[in-house]
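Peer 1: One structure coming up, written as structure tokens, with questions to follow.
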Amino acid sequence: MPKKNPEYTRIEDYGLIGNLKTVALVSVEGSIDFMCYPAFDSPTVFAKLLDHKKGGSFAIYPQMDGYNTKQLYLPATAVLLTRFFSEEGIAEVTDYMPVDDQMDKSNAIVRQVKTVRGNITFQAKCEPAFDYANATHKCELRDESVYFNADNEDGTVMRLIADVPLQIKQNAGYAEFTLEQGKTAYLVLECGKSQVEDENPIEVYKKSTYQDTIDFWRNWSKKSTYKGRWNGTVNRSAITLKLLTSRELGSMVAAPTFSLPEVVGGGRNWDYRFMWIRDAAFTMYAFLRLGYTEEATAFLEWIHDRAQEDQLYLMYTIDGGHDMEEEELTHLSGYQNSKPVRIGNGAQGQHQLDIYGELIDTIYIYNKQHAPITFEFWETIVKQVDVVTKKWKTADHGIWEIRNTEKHFLHSRLMCWVAMDRAIKIGQHRSFPFPESDWKKVRDDIYTDIYENFWNDEVGAWVQYKGAKNVDASVLLMSLMHFISPREPRWLSTLKVVEEQLGVDVLLYRYKNGEASFDGLEGEEGTFNMCSFWFIESLAKSGEVAKALDSFEKMIGYANHLGLFSEEIGHKAEHLGNFPQAFTHLALISAALEIDKQLDRQ
């Protein structure tokens with residue numbers, strides 16, 4: 001096992017800023033170590049997170065001895081404040097990306113540097129590494145600005161401006177400046193293609209973008225209808241989901257990063273910068289439950305456009321494309337020397353039947369609770385239901401995207417039932433034409449198949465796939481999707497087996513791989529945060545409200561200092577996998593809502 005490299009910041013020691021086109025990760029040390037440009041799934045311009053020597057970063061450091069750092073979000077915003085404390089003084093760096101109504105304008109990162117106490121000297125170094133650190137670039141100092149011109153096909157340009165003197169050192173933008181107590185400096189990085197569109201003087205950013213950005217996020221947060229016990233936690237999760245959503249397109253990414261390892265030094269390193277139908281549908285369901293209907297409407301419009309194609313695909317690029325061939329970036333060392341570093345995703349061509357249920361369930365909630373869908377949209381649902389009626393009996397790769405085999409997975413069969421059940425309910429509610437008797441027969445056949453053929457008397461649970469002797473965490477959705485009563489004896493038995501086989505206190509593995517390596521991949525993985533929240537919600541539904549409440553509070557304790565979650569948790573409570581992960585945050589929201597509901601009934 002490779003030794004951990006102290007040059008790498010822990011995954012959990014990052015905060016997220018963004019402008020609904022892309023995002024950046026800012027460390028507790030004040031360094032921007034990850035950013036893709038111009039979109040979520042574009043090549044990186046900063047990737048120190050994946051190679052501390054080659055990856056590129058934009059760091060601002062106060063020149064003080066032995067300082068401690070703290071990081072926080074301004075309330076109800078995506079404006080991030082990093083604070084530095086020492087005997088010599090206190091410094092602050094405030095980071096944000098303005099959210100511009102003009103979609104065609106370039107991206108910008110604004111870094112506001114302030115001395116709170118003392119007289120502090122700062123060093124700033126902006127060192128991009130374009131195209132996943134594959135492309136070289138030229139630096140030019142012109143009109144008191146530093147221009148970075150990438151030697152790539154897109155001709156990407158970045159422009160660093162500041163109200164302190166800038167210079168070039170070792171092909172990087174550099175500044176060293178001293179601020180007296182109470183004084184502030186601004187450094188702004190603008191990004192563009194071929195040129196930086198709408199170049200602005202520094203005064204434009206100093207004048208209004210800070211307050212405008214705060215106002216944007218707080219006005220958005222005010223739309224939430226959540227009135228429960230965990231307002232700050234739920235709101236932070238909602239803002240995180242929003243940051244992963246394209247304002248222009250309505251689509252979203254499962255996570256903004258790629259190849260962060262599921263175990264340090266291991267090879268389970270995947271690219272999550274794409275839109276999975278499953279993840280996005282669940283996210284829009286969470287948005288709907290919180291009152292964020294605009295995001296759900298935009299997503300369904302995006303889905304409607306995709307439904308005009310020959311088939312519904314498992315995953316898409318953020319703009320609806322299919323170009324995501326998996327490849328390895330051998331020139332990058334990987335986070336903490338975890339190789340390979342992968343971009344693209346080989347699961348793209350997999351057969352996964354569950355996506356139809358998750359999508360149609362979200363449409364059902366939208367139609368029921370927000371606005372009626374059109375008949376034209378109904379026709380796209382009929383098209384997807386036809387696929388389910390023809391293929392529900394087939395094996396697939398399943399929600400966990402098993403690469404080496406197809407099986408008759410319980411979760412996939414369950415979601416086929418959900419697809420039929422919700423489509424029937426929409427059709428009946430709206431009096432749309434559809435073959436009601438045929439659809440009901442398929443729905444009932446699927447129900448019987450699940451209830452009888454996936455139950456294992458010896459295990460005392462519904463198992464992972466037909467003939468299995470083990471469960472996986474996705475069985476928890478049987479109750480959450482209203483397939484089974486949460487108080488039914490068979491379900492309570494299944495819940496107990498899930499905890500026995502997969503649980504470690506409040507943490508839950510998605511499945512146990514075993515010596516035979518069921519999923520065909522080498523190495524271990526951590527516990528899955530979304531599965532832990534599924535289990536907590538299931539406990540609440542099944543009447544174990546006190547246990548669910550305690551478990552929820554424990555799980556919240558695994559969040560990072562900003563309330564963000566990665567995909568997994570390791571043995572030492574370290575964050576593993578891509579960060580932050582949408583699925584975890586939407587599962588958190590759902591669990592909070594269920595516990596609130598059950599507590600209110602007491």
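The values are calculated or read from the model by the stated rules, or taken from the named source; none is laboratory data. Everything numeric here is computed off the predicted structure, so don't read it as measured data. Every residue, glycine among them, receives a Cβ derived from its backbone with ideal geometry; neighbour counts consider all protein chains shown. Each accessible area value is taken on the protein alone, full model and side chains, heavy atoms only, with ligands, DNA and RNA left out. Shrake-Rupley method; radii C 1.70, N 1.55, O 1.52, S 1.80 Å.
Peer 1: Using a 1.4 angstrom probe on the protein heavy atoms only, could you order Glu458, Glu140, Glu452, Glu92 from most to least accessible area?
Peer 2: Working: Glu458 145, Glu140 75, Glu452 120, Glu92 30 Å².
Final ranking, largest accessible area leading: Glu458, Glu452, Glu140, Glu92.
Peer 1: Same structure again: With just the Cα atoms defining each centre, how far is the range 436-454 from the range 350-429? Give it in Å.
Peer 2: Using only Cα atoms, the two centres lie 14 Å from each other.
Peer 1: Could you look at the range 519-597 and say what percent of its accessible area is carbon and sulfur, using a 1.4 Å probe and all protein chains? Please list the in-between numbers first.
Peer 2: On the way: 1120 of 2180 Å².
Here carbon and sulfur together make up 51 percent of the probe-accessible area.
Peer 1: Please give me the summed charge of the neighbours of Gly182: other residues whose Cβ is under 12 Å from its Cβ, Lys and Arg +1, Asp and Glu -1.
Peer 2: Values: positive: Lys114, Arg117, Lys183; negative: Glu92, Glu180.
Surrounding charge for Gly182 is +1.
Peer 1: I would also like to ask the following. Quantify, in whole percent, the carbon and sulfur part of the accessible surface of the range 438-516 (1.4 Å probe; protein heavy atoms only). Provide the component values of the computation, followed by the final result.
Peer 2: Working: 1680 of 3640 Å².
Accessible surface attributable to carbon and sulfur in the range 438-516 totals 46 percent.
Peer 1: A further question on this structure: Show me the trypsin sites (Lys or Arg not before Pro) within the range 160-225 that DSSP assigns to loop and that have at most 16 other Cβ atoms within 10 Å of their Cβ. Write down the numbers at each step before the final one.
Peer 2: Numbers: sites: Lys169, Lys183, Lys193, Lys206, Lys207, Arg218, Lys222, Lys223; in loops: Lys183, Lys222, Lys223.
Passing both the DSSP loop test and the Cβ count: Lys183, Lys222, Lys223.
Peer 1: Quick one: grab Rg to one decimal and Dmax as a whole number for the range 159-260, Cα atoms only, in Å.
Peer 2: 18.5, 53
Peer 1: Can I ask one more? If the cut-off is a Cα-Cα distance under 30 Å, which lysines reach Lys339, setting aside same-chain residues fewer than 8 apart in sequence?
Peer 2: Lys3, Lys4, Lys21, Lys48, Lys53, Lys54, Lys125, Lys138, Lys407, Lys512, Lys572
Peer 1: What length, rounded to one decimal in nm, is gained on full extension from Lys54 through to Ser208, with 0.36 nm per residue of separation minus their alpha-carbon distance? The partial results should precede the final answer.
Peer 2: Working: separation 154, 0.36 × 154 = 55.44 nm, distance 3.50 nm.
Net length gain for the segment: 51.9 nm.
Peer 1: Once you place label points 7 Å from the Cα toward the Cβ at Asn68 and His351, how far apart are they in nm?
Peer 2: Distance between the two pseudo-spin positions: 5.8 nm.
Peer 1: With +1 on the Cβ of every Lys and Arg and -1 on the Cβ of every Asp and Glu, and nothing else charged, how large is the dipole of the range 480-595 about its Cα centre, in debye rounded to the nearest 20? Walk me through the numbers on the way to the answer.
Peer 2: Numbers: 9 positive and 17 negative charges, 85 e Å.
Computed charge dipole of the range 480-595: roughly 400 debye.
Peer 1: Shifting gears a bit: Which lysines, if any, have their Cα less than 24 Å from the Cα of Lys541, not counting same-chain residues under 8 positions apart?
Peer 2: Lys227, Lys368, Lys425, Lys496, Lys554, Lys597
Peer 1: Which net charge results for the neighbourhood of Gln123, defined as the other residues with beta-carbon distances under 12 angstrom from its beta-carbon, given Lys and Arg at +1 and Asp and Glu at -1?
Peer 2: Values: positive: Lys125, Lys169; negative: Glu176.
With Lys, Arg at +1 and Asp, Glu at -1, the net is +1.
Peer 1: Okay, moving on. Calculate the FRET efficiency for Arg487 and Ala573 from the Cβ-Cβ distance with a Förster distance of 30 Å, rounded to the nearest 0.05. Display every interim value, and only then the final one.
Peer 2: Numbers: r = 33 Å, r/R0 = 1.11.
Once the sixth-power term is evaluated, E becomes 0.35.
Peer 1: Sort the range 78-185 into rounded, prolate or oblate with this rule: let a ≥ b ≥ c be the square roots of the eigenvalues of the Cα gyration tensor; rounded if a/c is under 1.5, and if a/c is not under 1.5, prolate when a/b is larger than b/c, oblate otherwise. Before the final figure, lay out each step's value.
Peer 2: Working: a/c = 2.28, a/b = 1.61, b/c = 1.42.
It is prolate, given that a/c is not under 1.5 and a/b is the larger ratio.
Peer 1: Between Gln602 and Glu199, take the C-beta separation as r, use R0 = 60 Å, and let me know the FRET efficiency to the nearest 0.05. Mind dumping the intermediate values first?
Peer 2: Values: r = 59 Å, r/R0 = 0.99.
With R0 = 60 Å, the Cβ-Cβ based efficiency is 0.50.
Peer 1: Still on this model: Counting heavy atoms of the protein chains only and a 1.4 Å probe, report the per residue accessible area for the chain as a whole number of Å².
Peer 2: 38
Peer 1: Placing +1 at every Lys and Arg Cβ and -1 at every Asp and Glu Cβ, with all other atoms neutral, what dipole size does the range 30-92 have around its Cα centre, in debye to the nearest 20? Can you show the working numbers first?
Peer 2: On the way: 5 positive and 7 negative charges, 37 e Å.
For this selection, approximately 180 debye.
Peer 1: Hey, what do the phi angles of the range 558-573 turn into as Karplus ³J(HN,Hα) couplings, whole Hz, using 6.51/-1.76/1.60 and θ = phi - 60°, x for Gly and Pro?
Peer 2: For the range 558-573, the Karplus-derived couplings read 8, 5, 6, 5, 9, x, 9, 10, 7, 6, 9, 10, x, 4, 9, 6 Hz, x marking Gly and Pro.
Peer 1: Only helical DSSP H runs with n ≥ 4 go in: add -39500 (n - 2.57) per run for the chain, normalise by residue count and round the 222 nm mean residue ellipticity to 500 deg cm²/dmol.
Peer 2: Working: 14 runs with 191 residues, N = 602.
Counting only the DSSP helices, I get -10000 deg cm²/dmol.
Peer 1: What percentage of the solvent-accessible surface of the range 1-147, computed with a 1.4 Å probe over protein heavy atoms, is contributed by carbon and sulfur atoms?
Peer 2: 45
Peer 1: Relative to the present Cα-Cα distance, how much length would full extension add between Glu436 and Lys547 at 0.36 nm per residue of separation?
Peer 2: 35.8 nm
Peer 1: How large is ³J(HN,Hα) for each residue in the range 304-312, as worked out from phi by the Karplus curve 6.51 cos²θ - 1.76 cosθ + 1.60 (θ = phi - 60°), to whole Hz, x for Gly and Pro?
Peer 2: Using θ = phi - 60°, the values come out as 4, 5, 5, 5, 7, 6, 5, 7, 8 Hz.
Peer 1: Take the alpha carbon gyration tensor of the range 463-602, find the square roots of its eigenvalues, order them as a ≥ b ≥ c, and report rounded if a/c is under 1.5; if not, report prolate when a/b exceeds b/c, else oblate.
Peer 2: Numbers: a/c = 2.04, a/b = 1.10, b/c = 1.86.
Because a/c hits 1.5 or more and a/b fails to exceed b/c, the range 463-602 counts as oblate.
Peer 1: Here's something else I'd like to know. Grab the other residues whose beta carbon is less than 15 angstrom from that of Trp230, score K and R as +1, D and E as -1, and report the net.
Peer 2: On the way: positive: Lys227, Arg229, Arg236, Arg289, Lys554, Lys597; negative: Glu537, Asp550, Glu553, Glu594, Asp596, Asp600.
With Lys, Arg at +1 and Asp, Glu at -1, the neighbours total 0.
Peer 1: Same structure, new question: Please compute the Kirkwood hydrodynamic radius of the chain from all pairs of different C-alpha atoms, in Å with one decimal. Can you show the working numbers first?
Peer 2: Numbers: mean 1/r = 0.0398 Å⁻¹.
Roughly 25.1 Å, rounded to one decimal.
Peer 1: Going by the alpha-carbon gyration tensor, a ≥ b ≥ c the square roots of its eigenvalues, is the range 375-417 rounded (a/c under 1.5) or, if a/c is not under 1.5, prolate (a/b greater than b/c) versus oblate? Intermediate results must be reported in sequence, preceding the final value.
Peer 2: Working: a/c = 2.82, a/b = 2.46, b/c = 1.15.
Here the range 375-417 falls in the prolate category.
Peer 1: Out of residues 5 or more away from Leu508 or on other chains, whose amide H comes under 5 Å of its own, with H placed 1.01 Å from N in the peptide plane?
Peer 2: Phe528, Ser532
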